[in-house]
Structures are given as C-alpha cells and as structure tokens.
Amino acid sequence: MVRPCFLVIDREFPGSISTRKLVIETAKFNVVTAYSAHEAVETLNVFPAIQGVVIDSDVTDMSCAELVQALKAIKAGIPIIVICGPGDHPCPNADHELESFDPRKLLELLRSLLPSETAAIEKREEDLHREA
C-alpha cells in the first residue's frame with residue numbers, strides 16, 4: 001500500500017512545525033510541508049506524486065489565486081483545499097474551501113478525496129489492532 005501524500009502550505013512560526021502536518025499524519029497520510037507559496041511551487045515540481053494540496057489562506061508571498069494557478073499548471077487535476085477564517089477573501093479556482101480550523105473537518109474532506117486509499121489505511125489499522 002502506498003499512502004497518499006499531501007502538500008501542506010502553512011505559515012511558519014519560529015521554533016514550531018505545522019500543526020496541520022501533524023493532524024494529517026494522524027490519519028496516516030504522508031505530508032510534505034512548504035512555508036511559502038514559492039516554496040510550494042518548487043516542492044510540487046520536485047514531488048509530482050503529491051495527491052492533494054492544503055493551503056493556509058494567510059500565506060502572503062503570492063495571492064491565493066496565483067498560487068492555485070501555479071500549482072494547477074504543474075499538475076492540472078490536483079485537488080486544492082484552502083483553509084480560511086470567517087470573513088477571509090475567497091480563493092478563486094480552489095477546489096474546496098474550509099471556513100473552519102476544525103481538524104476533523106479537514107480530515108473528513110481529505111478522506112473523501114481518496115476513498116479507496118482511505119479504506120486501505122483503515123483496513124490496515126484494523127488488521128494491526130487484531131494482531132496486537
């Protein structure tokens with residue numbers, strides 16, 4: 001089984017890593033993190049097997065619309081999720097927008113994007129519990 005891999009574009013804070021990365025990894029998905037829009041574009045070029053993108057709308061070195069366009073130019077069909085707070089500007093061309101920082105809603109959406117891979121992960125988890 002090859003686990004799905006998502007690119008998380010998050011704000012960078014001194015001395016910390018992306019909490020979204022940790023949340024997504026709890027679902028046993030793989031995560032590659034970028035801390036700027038420009039780094040995200042470079043990262044998707046290096047890792048073209050990435051299966052989805054999660055963007056924090058507060059990333060400011062490129063507009064959200066430009067970032068989505070640049071990512072879709074590299075991989076046209078890649079699903080892009082933008083997480084924004086209430087009252088934030090919408091992100092044109094994003095496939096999904098979450099107006100919530102609730103990690104359960106993000107995981108639910110990610111699982112719905114890749115149902116067969118999610119089912120395989122859940123089956124593997126069940127198998128591990130039986131073996132324990």
- Message: With a cut-off of 8 Å between alpha carbons and a minimum separation of six or more residues, what is the relative contact order of the stretch 8-48 in percent?
- Response: 42
- Query: At what distance in angstrom do the alpha carbon centres of the stretch 111-132 and the stretch 15-65 lie from each other?
  - Reply: 23
- Query: Based on DSSP H runs of at least 4 residues, each adding -39500 (n - 2.57), what is the mean residue ellipticity at 222 nm of the chain after dividing by all its residues, to the nearest 500 deg cm²/dmol?
  - Reply: -13000 deg cm²/dmol
- Message: Give me PHE29, PHE101 sorted ascending by neighbouring Cβ count inside 10 Å, so fewest comes first.
- Response: PHE101, PHE29
- Message: Under a Cβ-only charge scheme (Lys and Arg +1, Asp and Glu -1), can you give me the dipole magnitude of the chain about the Cα centre, in debye to the nearest 20?
- Response: 380
- Note on the structure: Result: in the chain the number of Lys pairs with C-alpha under 22 Å apart, spaced 8 or more or on different chains, is 6
- Residues HIS96, HIS38, HIS129 arranged by fewest to most Cβ contacts within 10 Å: HIS129, HIS38, HIS96
- Per-residue Cβ contact counts at 10 Å, fewest first, order VAL2, VAL82, VAL59 as VAL2, VAL59, VAL82
- Note on the structure: For the chain, longest principal axis from Cα atoms; helix 103-113 axis from its Cα atoms; angle between them, nearest 10 degrees, is 80
- Query: Remind me, relative contact order of the stretch 24-110 in percent, using alpha carbon pairs under 8 angstrom and six or more residues apart?
  - Reply: 25
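No lab work stands behind these numbers, since they all come straight from the coordinates. Note that the structure is a prediction, hence the values are computed from the model and not measured. Glycine gets a Cβ as well: all are built from the backbone with ideal geometry, and neighbour counts include every protein chain shown.
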